[in-house]
Amino acid sequence: MEISVVVPVYNEEENIKEFTLQILPVMDSLKKSYEVLFIDDGSHDRSSLILKELIQTYPNIKLIRLNKNYGQHSAIFCGFEAALGEMIITIDADLQNPPSEIPKLVRKMEEGYEVVGGYREQRQDSILRKIPSFIVAKITSKLVNVPLKDYGCMLRAYRKELVKTMLTSGESATYIPALANSYASKIAEIPVAHQARTKGQSKYSLLRLLHLNFDLMTSFSLLPIQLIGISGLVISVFGLGFSFFLLLMRLIKGSEWAVQGVFTLFGILFFFVGLQVLAIGLMGEYIGRIYQEVRHRPRFRVQEIITSKSKNPN
Ligand code: UDP
Ligand code: MG
């Protein structure tokens, strides 16, 4: 098998048929053996039913149904485990990145890269969505030490060996493009088309997006907690100096002077308390992650696998 395409699907009944009808001719045109793996991430709609019908008619499709919703990245991991291809491509099912861009990735991969990521040149999402993505891309580039324009674009191609390495990381919450780049040495990025979602809704609420980005930051670096530690130190020194200053003023100017500073003190107190709470929260995040990892829970559970007959050129 030369190419596996991994497609996470969560409630995409309006897109899935159109997507399949678009991707199959594109894959055929490559004249390589391939499979399209749909991972139904616990959809509540007719996505799986539609896919089962398509499997009856078209070759080279496989559907893996997870028993509930585990999230896009876990679904992709499931696809990675099942993929047989030497090259593995991930793409969303919502047609925001058109399947017709796949040959571009394949050609770039043939130049010998381990990962080829797409970046959305003219991203058709709301500004509220683009600003956090921009910040995340900057921070991730620093953390993973690979400067990339777009860490959010899921139209990407990976070499099988790289995917195997990624699979040995047992981490349950991780961010696939960043994980890949932390292992890969030959990385390329090419522009790909991006359209607004025409059917269905984005599956990411603001909270979910925040959660994903938090996963991203805490799983690739200890920097957040280190920063808290350092600022804690700086603030303690500052607090100590301030106390000395107050004591001195009291000795020089007497007790009335200090009362006027009550509100300033409140302000400072709130600052410290806030910082402590933040530090505790951050420690909690790391401890929570350790707890999750030591439990070693599987990332997902497969409920059912359905395959269409294969009809490959070789
Ligand atoms: N998706 C998934 N599980 C989830 C959320 C999303 O498999 O819990 C899939 C979804 O069906 C789509 C892809 O991941 O194929 C990207 O989701 P979406 O388009 O909602 O994300 P956005 O483009 O808004 O970032
Ligand atoms: Mg989308």
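The values are calculated or read from the model by the stated rules, or taken from the named source; none is laboratory data. In this text, all values refer to a predicted model and were calculated from it rather than measured experimentally. Methodologically, a virtual Cβ is constructed for each residue, glycine included, from the backbone with ideal geometry; neighbour enumeration extends over all protein chains shown.
In the range 194-244, what residues are closer than 15 Å to residue 72 by Cβ, at pLDDT 85 or above and surrounded by 14 or more Cβ atoms within 10 Å (Cβ to Cβ)? 197, 200, 203, listed by residue number. Can you say whether residue 130 is surrounded by fewer than 15 Cβ atoms within 10 Å (Cβ to Cβ) and outside any strand (DSSP E or B), as far as the supplied structure shows? Here the answer is yes, as residue 130 does meet what is asked.
The rows are residues; the columns are (1) of a type in the set (Ser, Thr, Tyr); (2) within 22 Å of the chain's Cα centre (by Cα).
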{"position": "37", "(1), (2)": "no, yes"}
{"position": "43", "(1), (2)": "yes, yes"}
{"position": "56", "(1), (2)": "no, no"}
{"position": "70", "(1), (2)": "yes, yes"}
{"position": "80", "(1), (2)": "no, yes"}
{"position": "100", "(1), (2)": "yes, no"}
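Output the residue which, of all residues in the range 3-55 that are of a type in the set (Asp, Glu) and over 26 Å from residue 300 (Cα atoms), is nearest to ligand 1 (Cβ to nearest atom). So, considering only residues that are of a type in the set (Asp, Glu) and over 26 Å from residue 300 (Cα atoms), the one nearest to ligand 1 (Cβ to nearest atom) is 18. Listed here are the helices (runs of 4 or more DSSP H) enclosed by the range 188-269 that have at least 3 residues being within 16 Å of ligand 1 (Cβ to nearest atom) and out of contact with any Pro (no Cβ under 8 Å at 6 or more places or on another chain): 206-220. Among the residues of the range 1-42, those identified as surrounded by fewer than 21 Cβ atoms within 10 Å (Cβ to Cβ) and hydroxyl-bearing (Ser, Thr, Tyr) are 29, 33.
A single member of 89, 135, 131 is more than 30 Å from residue 294 (Cα to Cα) and modelled with pLDDT of 90 or more, and it is 89.
Just one residue in the set 76, 64 is within 16 Å of ligand 1 (Cβ to nearest atom) and not in a strand (DSSP E or B); that residue is 76.
Is it the case, given these coordinates, that residue 53 is without any contact (Cβ under 8 Å) to a residue 40 or more places away in the chain and not in a loop (DSSP other than H, G, I, E, B)?
So residue 53 passes the test.
For the range 62-96, a residue qualifies if it is touching a Leu at 6+ places or on another chain (Cβ under 6 Å) and β-branched (Val, Ile, Thr), and exactly one does: 91.
Specify the residue that is farthest from ligand 1 (Cβ to nearest atom); the eligible residues are those in the range 133-154 that are charged (D, E, K, R) and in a helix (DSSP H, G or I). Step by step, filter the range 133-154, then rank; the result is 142.
Filtering the range 92-119 to residues that are within 16 Å of ligand 1 (Cβ to nearest atom) and of a type in the set (Asp, Glu) leaves 92, 94, 101. Checking each residue in the range 174-205 for being over 14 Å from the mean Cα position of the chain (by Cα) and away from ligand 2 (no atom under 15 Å from the Cβ) picks out 183, 184, 185, 186, 187, 188, 189, 190, 191.
Identify all residues within the range 90-112 that are of a type in the set (Gly, Ala, Ser) and within 16 Å of ligand 2 (Cβ to nearest atom); write none if there are none. The answer is 93, and nothing else. Of a type in the set (D, E, K, R) and in contact with a Phe, Trp or Tyr (Cβ under 6 Å, 6 or more places away or on another chain) - does that describe any residue in the range 183-200? Yes, some residue in the range 183-200 is of a type in the set (D, E, K, R) and in contact with a Phe, Trp or Tyr (Cβ under 6 Å, 6 or more places away or on another chain). If you go through the range 138-166 and keep only what is modelled with pLDDT under 90, under 11 Å from residue 180 (Cα atoms) and over 15 Å from the mean Cα position of the chain (by Cα), you end up with just 146. Of all the listed residues (84, 24), the sole one being more than 16 Å from ligand 2 (Cβ to nearest atom), in a loop (DSSP other than H, G, I, E, B) and closer than 23 Å to residue 117 by Cα is 84.
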